[in-house]
Amino acid sequence: MTGKTHIAVGITTAIAMGTTSPIGLGVAAVGALAPDIDHPNSKISHRVTPGKLPRSTLGRYLAGFILLAAGGLLWKPFVIPGLTLVILAGIPHRGFIHSPAFALAIGALGAHMISIDRTLVTSFMIGYISHLIADMAGVGIPLLWPISNNRYGMHMVHTGGLLELVVLIVCISYVVLTLFKGFLVYAF
Ligand SMILES: [Zn+2]
């Protein structure tokens, strides 16, 4: 599935589950893109690591260690993108990040760390889990990680295929109709 469809499915799921605030929906969209950070050509990877070289594993390690060294020698904040790149380089494509166990772990960690607005953690997790379910309809996810690395999927929705287009249209229609309904309730 493309990033566009993942965003649409994430926002639709969030609205269906009662999220109404624009920030909540934005966070759900980020959550819906987040699992594909392990995918060198995904939308979110392009955002995190602009430029062609840092998208390959070797390039990420190289750029990451250069930034880490620069963080130690020149300016401390360089450590943050450096560490991010090194971690990204070590993550397998469509690996454990796409597992329910990992989703549960980051959900728990997020809820533990963010105490001001927990609803944002919920919105993020709604987006994240909608991504896993959508990928299960297609190529599959490591459903039982860490017990097994096997990928389980229904192989029904293919990237760029007709069914993905149908999903996208249904989701956009749902969002537009909900906004329209909200507008009518507000106006009259
Ligand atoms: Zn994915």
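If you scan the stretch 11-40, which residues turn out to be within 23 Å of residue 87 (Cβ to Cβ) and either out of contact with any helix residue (DSSP H, G or I) (no Cβ under 7 Å at 6 or more places or on another chain) or within 15 Å of the ligand (Cβ to nearest atom) (or both)?
First pass over the stretch 11-40, keeping only residues within 23 Å of residue 87 (Cβ to Cβ): 27, 29-40.
Those that are within 23 Å of residue 87 (Cβ to Cβ) and either out of contact with any helix residue (DSSP H, G or I) (no Cβ under 7 Å at 6 or more places or on another chain) or within 15 Å of the ligand (Cβ to nearest atom) (or both): 29, 30, 31, 32, 33, 34, 35, 36, 37, 38, 39, 40.
Selection over the stretch 128-169 of residues that are assigned to a helix (DSSP H, G or I) and either of a type outside the set (Asp, Glu) or outside the structural domain of residue 99 (by TED's automatic domain parsing) (or both) gives a count of 16.
Condition first: in a helix (DSSP H, G or I) and within 11 Å of the ligand (Cβ to nearest atom). Now tell me which residues in the stretch 94-127 satisfy that. Hits for the stretch 94-127 are 97, 98. If you go through the stretch 119-134 and pick out every residue that is farther than 18 Å from residue 44 by Cα and hydroxyl-bearing (Ser, Thr, Tyr), you end up with 2. When residue 56 is tested against (1) touching a Leu at 6+ places or on another chain (Cβ under 8 Å); (2) away from the ligand (no atom under 12 Å from the Cβ), only condition (1) is not met. Summed over the stretch 2-30, the residues that are assigned to a loop (DSSP other than H, G, I, E, B) and either crowded, with 23+ Cβ neighbours inside 10 Å or touching a strand residue (DSSP E or B) at 6+ places or on another chain (Cβ under 8 Å) (or both) give a count of 0.
Within the stretch 76-92, is even one residue surrounded by 18 or more Cβ atoms within 10 Å (Cβ to Cβ), under 15 Å from the mean Cα position of the chain (by Cα) and either at pLDDT 85 or above or within 13 Å of residue 124 (Cα to Cα) (or both)? Checking the stretch 76-92: not a single residue is surrounded by 18 or more Cβ atoms within 10 Å (Cβ to Cβ), under 15 Å from the mean Cα position of the chain (by Cα) and either at pLDDT 85 or above or within 13 Å of residue 124 (Cα to Cα) (or both).
The values are calculated or read from the model by the stated rules, or taken from the named source; none is laboratory data. As the structure is a computational prediction, the values presented were derived from the model and not from experiment. Glycine also receives a Cβ, built like all others from the backbone with ideal geometry; neighbour counts cover every protein chain displayed.
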